[in-house]
Amino acid sequence: MKAHRWLLLSLPLLTLPFFPPIRSLMAQVVPQFGEPLPGLPDDLLAAFDFGKEKFAAVQTPATGLGPVFNGRSCVECHFNPVPGGSGEDRVIRFADRDVDGRFDPLLNLGGPHLQKFTVAHELPGCSLPAEVVPAEAEYAGLRQPPPLFGLGLIQGIPESAILANADPTDANDDGIAGRPNIDSGVIGRFGWKAAGTTIVNFVGLAMLTELGITNYLFPNEMLPQGKPIPPGCDLVADVEDRDASRISLLMFFTTYLAPPPRGPITDAVVRGEALFAQIGCALCHTPSMKTGPNAIEALNQKDVPLFSDLLTHYMGGELDDHIIEGSASGGRWRTTPLWGLRARTFFLHDGRSSNLIDSIKHHGGESYQIRNRFFQLPANQKADVIAFLQSL
């Protein structure tokens, strides 16, 4: 873990002399969807652009794809409204309980991630069927790809700022009991359950589980359905990203990807934002946090209007998929950052909802009373809250 944290701190500081400057520093007040953070120097802008190319690059068995996978490129799942956004496809996670009732990710059967494609149709000598949810799995849950905008800013928020909002025992008796998802002493902040502790870890795991590309963080191939890889199905020896060029470039792109721009601020939006706070939504969807000191000026003590506390909250049995990640149980989910909400097609972790009213209806657990307050508002005030959400 210490090595991971060192890489996290050191990689963004590289001067990257092997990247030629490809554009001059421009004044960007409000970046648009898919643009880099404003104020980056030329070398980091070049790194961002090279990373964006790698994000869209289509992988093949000759470049390490598979032998089982969910997509051939990062952008295949993260494209809405631009590369780095959310997506419409869902992936499946499955698990079971052992004889003592303990959570079992079924690693021996290919869990907890299901990969729905294989390289068999691209390699004539490979005989490998697609994975399925095994009969032994008691639980299975869908996950939609989260948007990646502003991850570098989220990473820059000090752990102390996240912990300041935690109240795991609901000591103040407001019904909200936010908890950090902590892995080996490091607070998670990425992914649907905040299980990802750093961007580089988040990227490395996605390379393995979604593309099937091994890297220095995750050097071993996934075994299809937990069985040995058949002959002729794996063309590239591990570690496939041997020089760490792909994981580094993808990390540069996701670290320096700007947050989504805000939509028009109308009178209804202003009223709706006030109501959003008044009924208690902002108790979890914290409007803004701030990054700490950073050698990169674009990340140095910047406001982060993400509308999330980055903590996990129990959201009720309806949203409980029984899949545990780190210290987050099946019914606990990270408060979803709401910035960029207006560009999303589906909502909630599994994309079960396609409109905001329905999404709010599914809020239970700690958000139960707040949900009820929303539905008790008169129609015009509910419309103002929705107008506010659609401006994010």
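So here's what we get for this one:
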{"item": "Candidates Asp96, Asp100 - the one that is in a loop (DSSP other than H, G, I, E, B) and either under 23 Å from the mean Cα position of the chain (by Cα) or free of Cβ contacts under 8 Å to residues at least 60 places away in the same chain (or both)", "result": "Asp100"}
{"item": "Condition broken by Arg352, with the remaining ones in (1) within 21 Å of the chain's Cα centre (by Cα); (2) farther than 25 Å from Asp321 by Cβ; (3) surrounded by fewer than 18 Cβ atoms within 10 Å (Cβ to Cβ); (4) not β-branched (Val, Ile, Thr) satisfied", "result": "(2)"}
{"item": "Candidates Ala161, Ala135, Ala62, filtered to the one that is out of contact with any His (no Cβ under 9 Å at 6 or more places or on another chain), in the same structural domain as Arg334 (by TED's automatic domain parsing) and of a type in the set (Gly, Ala, Ser)", "result": "Ala161"}
{"item": "Qualifying residue in region 322-338 (condition: farther than 28 Å from Val186 by Cα and either among the charged types (D, E, K, R) or not assigned by TED's automatic domain parsing to the domain that holds Gly101 (or both))", "result": "no"}
{"item": "From the options Ser288, Ser354, residue that is within 25 Å of Val91 (Cα to Cα), in the same structural domain as Gly191 (by TED's automatic domain parsing), in contact with a strand residue (DSSP E or B) (Cβ under 8 Å, 6 or more places away or on another chain) and free of Cβ contacts under 8 Å to residues at least 40 places away in the same chain", "result": "Ser354"}
{"item": "Matching residues in region 281-302 - criterion: being more than 21 Å from the chain's Cα centre (by Cα), crowded, with 17+ Cβ neighbours inside 10 Å and either of a type in the set (S, T, N, Q) or at pLDDT below 95 (or both)", "result": "Asn294"}
{"item": "Pick from region 62-83, criterion surrounded by fewer than 19 Cβ atoms within 10 Å (Cβ to Cβ) and outside any loop (DSSP other than H, G, I, E, B), ranking: farthest from the chain's Cα centre (by Cα)", "result": "Ala62"}
{"item": "Residue within region 93-115 that is closer than 30 Å to Ala343 by Cα, surrounded by fewer than 21 Cβ atoms within 10 Å (Cβ to Cβ) and among the hydrophobic types (A, V, I, L, M, F, W, C) present", "result": "no"}
{"item": "For Pro180: the one exception among (1) out of contact with any Leu (no Cβ under 7 Å at 6 or more places or on another chain); (2) more than 17 Å from Phe307 (Cβ to Cβ)", "result": "(1)"}
{"item": "Residue count, region 353-364 (criterion: in contact with a helix residue (DSSP H, G or I) (Cβ under 8 Å, 6 or more places away or on another chain) and assigned to a helix (DSSP H, G or I))", "result": "4"}
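The values are calculated or read from the model by the stated rules, or taken from the named source; none is laboratory data. Not measured: the values here are computed from a predicted model. Virtual Cβ from ideal backbone geometry, glycine too; neighbours counted across all protein chains shown.
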